[in-house]
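All remarks here apply to the structure that follows.
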Amino acid sequence: MVPELSPLMQQRIAERRGSRAERGCFASLFLAARTASGRRLCALLAGALLAGCSAAGDNPFTVFADPGKYEYYSCEQITNQRKFWSTREQELRALMTKSEQDTGGVVVNVLAYKADHVAASEELKVLEATARTKNCETPANWRSNSTIR
């Protein structure tokens, strides 16, 4: 007890401390949030809870591509966009392979090509998910491919 506080105030402090202990698990979690490691633990738990709420569904997780971008495209437009992004991804992959052979090529890859390559890959993922949703014919479900398998 703190001697300079009045007896009434000391009693209130003691009651509050006692009620915190009676609260159980959540009280200790909130008390732990005051420390740096407690904040990290709370952030980790909050992230885990929010990750459980996410719905992956047919929309792939993307950073550079908008999952709803091709929602109103026809199957023909989706096919044309898929050809464009597939060609772009192959070009970027070839440039990355070529630059890796030079001195400092890894740095050039990261600075010049990596973001564009990831964006092209994500566009392809979104296009494939949209084509699946709309039941469009894609290279994966063409009849000629199914007979070979």
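Each value in this text was obtained by applying a stated rule to the coordinates, not by laboratory testing. All of these numbers come straight from a predicted model, not from anything done at the bench. We place every Cβ from the backbone using ideal geometry, glycine too, and count neighbours over all the protein chains shown.
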Next on the checklist: Give me the one-decimal Kirkwood hydrodynamic radius in Å for the stretch 75-143, with the sum taken over alpha-carbon pairs.
Outcome noted: 13.1
Checklist entry - Once you put a point 7 Å from the Cα of Arg12 and another 7 Å from the Cα of Val106, both along the Cβ direction, what distance in nm separates them? => result 6.2
